[in-house]
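The values are calculated or read from the model by the stated rules, or taken from the named source; none is laboratory data. Predicted, not measured: the structure shown is a model, and the values here were computed from it. Cβ atoms come from the backbone with ideal geometry, glycine included; neighbour counts cover every protein chain shown.
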Amino acid sequence: MTLRFYDSATAEVRDFVPLEPGRASVYYCGATVQGSPHVGHVRSAIVFDQLTRWLQYRGLETTVVRNVTDIDDKILAKSEASFASDFVPEGTYIPREEWFALAYRYEQEFETAYEVLGVQRPTYEPRATGHITEMHELIARLIERGHAYPAEDGSGDVYFDVRSWPSYGSLTHQSIDDMQAATDADPRGKRDPRDFALWKGYKDGEPKTAAWPSPWGRGRPGWHLECSAMATKYLGARFDIHGGGLDLRFPHHENEVAQSTAAGDGFANIWMHNGMVTYEGEKMSKSIGNVIAPSEMLELAPARVVRYYLGQAHYRSVLDYRPTSLQEAAAAVERIDTFIAKALAKVGASVGEFAHDGAASPAAAAAPAAVPPAFAEAMDDDLNIPQALAALHETVRRGNTALAAGNGVDDPDAVSNALSEVLAMTAVLGLDAAGGRTAWADNSEDTMHRALATLVDAQLGARAAARAAKDWAAADAIRDTLAAAGVVVEDSADGATWSLAAPTHSSAQSALTNRTGA
């Protein structure tokens with residue numbers, strides 16, 4: 001099946017035909033690092049991580065760019081607000097946190113959250129402050145083409161002239177006359193209230209470190225300009241996919257596409273936008289008090305459970321959070337993990353060994369590990385994660401049936417094949433990456449796991465001997481001791497198997513707290 005994605009610009013699902021055969025180029029909006037990551041940031045990152053992983057699975061060499069906006073009005077305002085008092089206590093000067101220090105601190109929080117939740121690092125992650133030259137060049141092209149102008153009041157501001165570009169409003173399907181005024185710069189020098197800032201002239205009282213020389217005077221870039229300059233620098237004048245949260249469509253993405261195409265660049269071929277996260281049907285708002293942050297979710301559940309929850313809905317739909325959401329996600333992850341642990345025990349391999357060999361038996365090893373057709377069809381169809389997860393859980397169910405049947409008489413490789421498919425699907429979904437390690441990802445070179453396996457197997461051997469001697473008290477005592485250590489023992493006709501109990505608290509959150517001081 002051909003890859004198909006919904007294009008926000010045309011409001012239809014389109015066939016995805018890479019501009020360059022065998023390659024895909026993706027730009028999605030990263031963080032404006034004015035505060036800690038919120039759940040919307042993380043959902044967006046997981047969505048485009050799933051997209052990237054699927055493009056790669058489909059054999060496309062994928063270049064991904066995720067920007068960091070590290071200069072912005074909100075960053076400067078937050079830096080200024082950090083200056084609480086001139087003297088606290090009397091005679092001791094307490095300086096404010098410089099804007100660049102604040103931005104870097106929050107940037108590290110974002111990076112840690114991405115890492116904990118298994119979001120792959122992009123190919124490039126440029127900062128806005130490192131691309132001032134490219135922004136100047138873009139502004140100059142727009143002025144030369146008659147689509148931008150310096151403010152006549154001598155402020156040093158430069159604006160995009162929305163009336164000069166007939167296609168303005170095409171991404172969000174709006175008429176200019178129906179749009180609200182742009183509020184990103186002083187309106188005194190504007191020809192039209194909707195004109196937006198490309199360059200913001202320096203104003204008295206602002207940090208001198210937050211202003212750069214330019215042909216129009218010292219100042220800093222407008223928010224929308226930054227993404228256009230960075231996207232084209234790393235992906236070229238035209239690239240395959242531009243993504244971000246639905247809240248960025250207007251004005252941010254509308255302004256991006258206007259200034260880039262007006263400058264003569266083709267820019268993005270497809271626009272993809274992920275939906276918002278709500279709390280019991282209501283928009284999350286600090287004023288209402290119904291906001292739940294990723295760090296709070298990680299206190300309630302392991303990183304893989306949080307990733308499963310944030311990545312389980314169709315990317316274009318609203319994801320609604322309820323108090324039971326993480327419990328439901330945890331149950332789903334546990335079903336997957338329990339099957340993987342049992343299947344690995346059945347085939348007698350670790351994940352590392354199984355993945356290396358491709359399968360646990362010669363017959364199954366003849367075929368390369370692949371996702372099942374139903375999963376592939378769902379992912380090809382506009383990244384339909386709910387249907388893909390249905391295929392994953394159906395494969396788990398089929399694998400458990402084979403386990404219960406003793407691997408089956410008609411299909412001796414049923415368990416191995418199901419295991420191979422489940423591991424392939426969890427890799428595509430990034431569930432094998434969140435939290436750094438999973439309960440079942442026992443790397444073949446991990447000496448700690450081998451030591452644990454040796455000790456547990458010895459205990460199970462002693463338990464089997466006690467059961468054979470009908471010493472039920474001793475057998476139960478061994479089982480209870482293992483359970484207290486977090487080892488779950490299950491008896492079957494083929495003997496006892498063991499697995500590690502799912503953690504009740506995320507060690508990944510501990511790492512997040514230690515690294516960020518949250």
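Here Arg188 fulfils each of the conditions (1) under 25 Å from Leu76 (Cβ atoms); (2) among the charged types (D, E, K, R); (3) within 37 Å of the chain's Cα centre (by Cα); (4) part of a helix (DSSP H, G or I) apart from (3).
Does Ala303 satisfy the criteria of being of a type in the set (A, V, I, L, M, F, W, C) and out of contact with any Gly (no Cβ under 9 Å at 6 or more places or on another chain)? Against the criterion (of a type in the set (A, V, I, L, M, F, W, C) and out of contact with any Gly (no Cβ under 9 Å at 6 or more places or on another chain)), Ala303 does not qualify.
For Leu171, the stated conditions do not hold, so it cannot be described as part of a helix (DSSP H, G or I), surrounded by 15 or more Cβ atoms within 10 Å (Cβ to Cβ) and either acidic (Asp, Glu) or modelled with pLDDT of 95 or more (or both). Scanning region 230-267 for residues that are small (Gly, Ala, Ser) and in contact with a strand residue (DSSP E or B) (Cβ under 8 Å, 6 or more places away or on another chain) yields Ala231, Gly236, Ala237, Gly243, Gly244, Gly245, Ala258, Ser260, Ala262, Gly266.
No other residue among Trp216, Trp223 is within 24 Å of Ser79 (Cα to Cα), in contact (Cβ under 8 Å) with a residue 60 or more places away in the chain and aromatic (Phe, Trp, Tyr) apart from Trp223.
A single member of Ala329, Ala313 is part of a helix (DSSP H, G or I) and at pLDDT 95 or above, and it is Ala329. Leu500 passes every criterion in (1) within 31 Å of the chain's Cα centre (by Cα); (2) farther than 26 Å from Met379 by Cα; (3) hydrophobic (A, V, I, L, M, F, W, C); (4) at pLDDT below 50 apart from (4). Scanning region 202-224 turns up no residue that is touching a Ser or Thr at 6+ places or on another chain (Cβ under 9 Å), farther than 20 Å from Ile139 by Cβ and crowded, with 24+ Cβ neighbours inside 10 Å.
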